[in-house]
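Asks: I have a structure here, written as C-alpha cells, and I will follow up with some questions on it.
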Amino acid sequence: MSDSIRDRIAELVAEINRQNYNYHVLDQIELTDSEFDALFLELKTLEAEHPELILPNSPTQKVGGMILKEFNQITHEMPMLSLDNAFNEDDVMRFDERIREKLTSSELATLTYWAEPKLDGLAISILYENGRLVRAATRGDGIQGEDVTENVKTIQSIPLVLTGNFPARLEVRGEAFMRKSVFEKLNLARLKKNEKPFANPRNAAAGSIRQLDSKIAAERQLSFYAYGIGIIEENPQEFTAHSEALIGLQSLGLPVCPLNQSAKNVKDLIAYQEKILSNRDQLPYEIDGVVYKVDQYALQEKLGFVSRAPRFAIAHKFLAMEARTTLLDVDFQVGRTGSITPVARLEPVNVAGVMVSNATLHNEDEINRLQVMIGDEVMIRRAGDVIPQVIRVVLEHRDENVRPILFPKTCPVCDSAIERVEGEAVARCTGGFSCKAQRIERLKHFVSRKAMDIEGLGEKWLEIFVNENLVTDPADLYVLNKAQLLELPRMGEKSADNILASIEGSKQPKFSAFLYSLGIREIGEATARVLADQYASLEALQNETAENFQKIDDIGPVMANHLVEFFRNEASQQLLQRLTSFVEIQYPAPIANAGDLPLSGETWVATGSLAHFSRDGIKDRLIELGAKVASSVSKNTTVVLAGEKAGSKLSKAEELGITVMNEEEFLAKYPL
Ligand code: IVH
C-alpha cells in the first residue's frame, strides 16, 4: 500500500515539476489550470496523509508558510558587485576601447561579447549544496545581504533540487522580478482593498522578497532569471565562458533569459541594444537597459575589477520610464458601468520616447493617498500599453498656488448623484443609461472588435448618435436608416453606406461575442466564452441561478450575482428581446431542441488523451450531444469519459462512484 502511494507521490512530483518547468522556463502550457490544480490537490492530500513521504523537491514545498520575526544577515562568500553604467554609444565605445587596450593581440583574437537584457528587479544569490537549495540571500550592500531562503523557495521557476550533472556547491546569481501582468493585477487588487499600490514592478518584487510571511511572498508570483555564478566547487562540467555557464545552469533546471545573445564586436552590441529597446514595451517584464559582458572567463580574469565593478562588463541603461511634470487639471471620466475615474491633465512630457499628457489617478482614495493638488509637480510613470499613472508628488516643489482636487458629488455628464458603495474603492454615477457617458461607453463596447465587431463605427459617430438622440441603446443601431444618417453634419453618402453595411454584417454574432457585447459587469471575453460553451442558449442563461453559475470554474460569487442581476433586470430583458429580433446568434453547435438531445441535462468530464478527439474536439462533441462540460469531477458529474493516461480525475470519479466510460464505449453509444 505504502509503496504504491510512494510511487504515486513520486509520479505526481515529477509531473508537476515538469509542468512547472514547461510553464515557467520554456513558456509552454500543456494542462489547463484546473487540470494542474487537480494534480496539485491530489499530491497535497497524499502528503497530508503521509507526511513521511514528502519529497524535498515536492512543489508543495514552494507555497510558503514560514513566518519569520526578522531576516538573518548573511555575509556573501564572494562579494556581489555592481556594474558601471553607459548612457550612450560613446560610453559603450570607450568600454570596448578600455578592454582592447588591456588585452594582447592573441587574446583579442579570442574575444567575443555576450549581451543580456538588464532585468529590473533585485539581485539574489541562491546556494545549492549537493543539488539542494540550502540558502538564498539578497544582494544587500554587496558584502552582507538578508537571508530570504523561505521566500525564494516559493518562486516557481527556481528548482528546489537541481537536475542533471550538478557541482557539489553552486551559488547561482540572478534577478528576481515581477512580470508586468502580475504587477498590474496586484496593484488593482491593492487599490480595490484601499491599499497603497506599488510604484513599479521592481518595488513590488523587492517588497515581496522582503516579506516575513512566505505565504504572501508565494502569492506575489515572482519570476527569476539566472545571469551568473558565484561560488562553484567540484563542477563535473567545465565552463570556460559565461555563455557556456548559462547553458550549464539551464541544464540543471535554472531559467535563463531567452533574449541573451552573443555579439562579435561593439557594433553588434549597439545593434542588440537597439533591437531590445524597440521591443521594450512588448516584453512581459520591465528592463532598464542591457548588460554587455566579455564572454571568455580567461579574458574576464585578465581584465579584473576597478573598485566595486568589473572591467569586463557594463550596463547600457535606457531612458527612465518615469518623468516629472506639472498637474494642470483633473477631469472625471465616466465609464461603461458608471465608474468615475479621475484623469490627470498634464503639461506634456516625453517619457522614454512617448509624449504623455494624461495619466490616471485611479480613484478618490488614491488622490487622498498621494495628497496631490492641482498645480503640483508630479512624477508620472508609463509602462507598456498601460495608461500612465501619477506615482507621487514632488512636495519639495509645492508652491502656494496649488488648489485641492474636489471629487464631484454628481456626475459631470448627467448630473445624477455619484454613489460609493461601502467597502468599494470605485465611485459610480447612478444615472444608468440615462447618462449619456454611460450610453456612449456601452455602445463603444458593443461595437468593439471582440464584441459585435461593427467596424467603421468609431467613437466620434457614436457620440454624435447619442447626442442627437438617434441611438439610446445598442439595439437602436439596428433600426438606423440612411435618411437619418444623411441628416447628420459631415455624414456623406459613402460613410452612411459603410456604417449601415457594417451594422448589417454584425447580425450573425457568435454566442460568446454576443454575450461579451452585453457588457455585463466583470464578464470579460474569456468568461463569455466559458459561458457560451456551457450553456446551450440565451434562454438557458436567463433562467440560471447564482448557485449554478458558481459551479463553473472561474466564476465566483461576485460574477454570479452580476450575471443573475443582469438577466433578471427588466431593462436588460427588453434589450435582449429587441436585440434578438435583429440578430441571429450563432451557437457553437446546432441545437434543435435542447431538451431532446441525448445528453441533455447531463454533466460530463473528459480526461486523459483520446484517439479520435482533440481536447476541444471532445468538448464540442459533448456539447453537440446536449451535455454540459465541466473541467473537474464533483458529485454533480454524470459521466467521466476517460482516455489513455487518465489520472486524478479518474481516481476521483471512482472514489465518488461516478460512471466512467472509455472512448470505445462512448463511440459505440454515440457514433460520429
Ligand atoms: S551581471 C558584477 N546581468 O544589475 C555584477 N546584472 O548594477 C554582475 N542586473 O545588481 C551583475 N540584469 O541586480 C547582471 N543580465 C544581468 C542583469 C544584472 C539585471 C542587475 C543586478 C545587479 C545590477 C548591476
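Asks: So, in the stretch 159-179, of the ones that are more than 16 Å from the ligand (Cβ to nearest atom) and within 28 Å of the chain's Cα centre (by Cα), which residue ends up nearest to Tyr285 (Cα to Cα)?
Replies: Step by step, filter the stretch 159-179, then rank; the result is Pro159.
Asks: Let me confirm something: among Lys215, Lys192, which residue is of a type in the set (Lys, Arg), in contact (Cβ under 8 Å) with a residue 40 or more places away in the chain and farther than 30 Å from Gln371 by Cα?
Replies: That would be Lys215, the only listed residue that is of a type in the set (Lys, Arg), in contact (Cβ under 8 Å) with a residue 40 or more places away in the chain and farther than 30 Å from Gln371 by Cα.
Asks: Condition first: basic (Lys, Arg) and outside any helix (DSSP H, G or I). Now tell me which residues in the stretch 259-282 satisfy that.
Replies: Lys264
Asks: Looking at (1) crowded, with 17+ Cβ neighbours inside 10 Å; (2) more than 18 Å from Arg382 (Cβ to Cβ); (3) away from the ligand (no atom under 16 Å from the Cβ), which one does Ala344 not meet, given that it meets all the others?
Replies: (2)
Asks: So, one more: Among the residues of the stretch 366-397, write down those that are exposed (fewer than 15 other Cβ atoms within 10 Å of the Cβ), of a type outside the set (Asp, Glu) and more than 20 Å from Pro197 (Cβ to Cβ).
Replies: His397
Asks: Is it true that some residue in the stretch 40-57 is away from the ligand (no atom under 16 Å from the Cβ), surrounded by fewer than 12 Cβ atoms within 10 Å (Cβ to Cβ), touching a residue at least 12 places away in the same chain (Cβ under 8 Å) and under 30 Å from the mean Cα position of the chain (by Cα)?
Replies: yes
Asks: Sort out which residues of the stretch 207-231 are buried (at least 18 other Cβ atoms within 10 Å of the Cβ), within 16 Å of the ligand (Cβ to nearest atom) and aliphatic (A, V, I, L, M), and write them in order of number.
Replies: Matches in the stretch 207-231: Ile209, Leu222, Ala226, Ile229.
Asks: Further, regarding this structure: Please go through the stretch 332-370 and give me each residue that is acidic (Asp, Glu) and closer than 22 Å to Asn187 by Cα, ordered by number.
Replies: Glu364, Asp365, Glu366
Asks: Can you go through Gly432, Gly458, Gly423 and tell me which one is within 32 Å of the chain's Cα centre (by Cα) and within 18 Å of Asn363 (Cβ to Cβ)?
Replies: None of the other options fit; the residue is Gly423.
Asks: Still on this structure, please answer the following. Modelled with pLDDT of 95 or more, buried (at least 18 other Cβ atoms within 10 Å of the Cβ) and among the aromatic types (Phe, Trp, Tyr): is that true of Phe177 in this structure?
Replies: Yes; evaluated as a whole, the condition is true for this residue.
Asks: Pairs please, first residue from the stretch 80-100 and among the charged types (D, E, K, R), second anywhere and away from the ligand (no atom under 15 Å from the Cβ), Cβ atoms under 8 Å, 6+ apart in sequence or on different chains.
Replies: Every condition considered, the pairs that remain are Glu89/Ile270; Asp96/Asn265; Asp96/Val266; Arg100/Leu108.
Asks: Restricting to the stretch 116-130, give me the number of residues that are touching a residue at least 40 places away in the same chain (Cβ under 8 Å), more than 10 Å from the ligand (Cβ to nearest atom) and either farther than 21 Å from Ile247 by Cβ or surrounded by fewer than 21 Cβ atoms within 10 Å (Cβ to Cβ) (or both).
Replies: 2
Asks: Now a separate question. Across the stretch 496-535, which residue is surrounded by the fewest Cβ atoms within 10 Å (Cβ to Cβ) among those that are among the aromatic types (Phe, Trp, Tyr) and outside any loop (DSSP other than H, G, I, E, B)?
Replies: Here the answer is Phe511.
Asks: Could you check Met66 against (1) modelled with pLDDT of 90 or more; (2) under 27 Å from Asn130 (Cα atoms); (3) not polar (S, T, N, Q) and say which number it fails?
Replies: Every listed condition holds for Met66 apart from (1).
Asks: Given (1) within 15 Å of the ligand (Cβ to nearest atom); (2) outside any loop (DSSP other than H, G, I, E, B); (3) closer than 26 Å to Phe177 by Cβ, where does Tyr285 come up short, assuming only one miss?
Replies: In the conditions (1) within 15 Å of the ligand (Cβ to nearest atom); (2) outside any loop (DSSP other than H, G, I, E, B); (3) closer than 26 Å to Phe177 by Cβ, Tyr285 misses (2) alone.
Asks: If you scan the stretch 58-110, which residues turn out to be of a type in the set (D, E, K, R), more than 16 Å from the ligand (Cβ to nearest atom) and exposed (fewer than 12 other Cβ atoms within 10 Å of the Cβ)?
Replies: Matches in the stretch 58-110: Lys69, Glu70, Asp90, Glu97, Glu101.
Rundown of residues vs (1) more than 13 Å from the ligand (Cβ to nearest atom); (2) aromatic (Phe, Trp, Tyr); (3) on the phi > 0 side of the Ramachandran plot; (4) touching a strand residue (DSSP E or B) at 6+ places or on another chain (Cβ under 8 Å), yes/no style:
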{"site": "Pro255", "(1), (2), (3), (4)": "no, no, no, yes"}
{"site": "Asp268", "(1), (2), (3), (4)": "yes, no, no, yes"}
{"site": "Tyr272", "(1), (2), (3), (4)": "no, yes, no, yes"}
{"site": "Asp281", "(1), (2), (3), (4)": "yes, no, no, no"}
{"site": "Gln296", "(1), (2), (3), (4)": "yes, no, no, yes"}
{"site": "Leu303", "(1), (2), (3), (4)": "no, no, no, yes"}
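Asks: Okay, next question. Could you list, in sequence order, the residues of the stretch 549-571 that are assigned to a helix (DSSP H, G or I) and either among the charged types (D, E, K, R) or surrounded by fewer than 16 Cβ atoms within 10 Å (Cβ to Cβ) (or both)?
Replies: The answer is Pro557, Val558, Asn561, Glu565, Arg568, Glu570, Ala571.
Asks: Still on this structure, I have one more. Among the residues of the stretch 624-672, write down those that are at positive phi and basic (Lys, Arg).
Replies: Lys645, the sole residue that qualifies.
Asks: Please work out which residue is nearest to Glu504 (Cα to Cα), limiting yourself to the stretch 480-491 and to residues that are assigned to a helix (DSSP H, G or I) and in contact (Cβ under 8 Å) with a residue 12 or more places away in the chain.
Replies: Ranking the candidates gives Lys482 first.
Asks: I would also like to ask the following. When you look at Val466, is it touching a Ser or Thr at 6+ places or on another chain (Cβ under 9 Å), touching a residue at least 24 places away in the same chain (Cβ under 8 Å), among the hydrophobic types (A, V, I, L, M, F, W, C) and crowded, with 16+ Cβ neighbours inside 10 Å, yes or no?
Replies: Yes; evaluated as a whole, the condition is true for this residue.
Asks: For the stretch 306-334, which positions are within 16 Å of the ligand (Cβ to nearest atom) and either of a type in the set (A, V, I, L, M) or part of a strand (DSSP E or B) (or both)?
Replies: The answer is Val306, Ala309, Pro310, Ala313, Ile314, Ala315, His316, Lys317, Ala320, Met321.
The values are calculated or read from the model by the stated rules, or taken from the named source; none is laboratory data. The structure presented is a predicted model; accordingly, all values stated were derived computationally and were not measured. Neighbour counts are summed over all protein chains in view; Cβ atoms, including those assigned to glycine, are modelled from backbone coordinates with ideal geometry.
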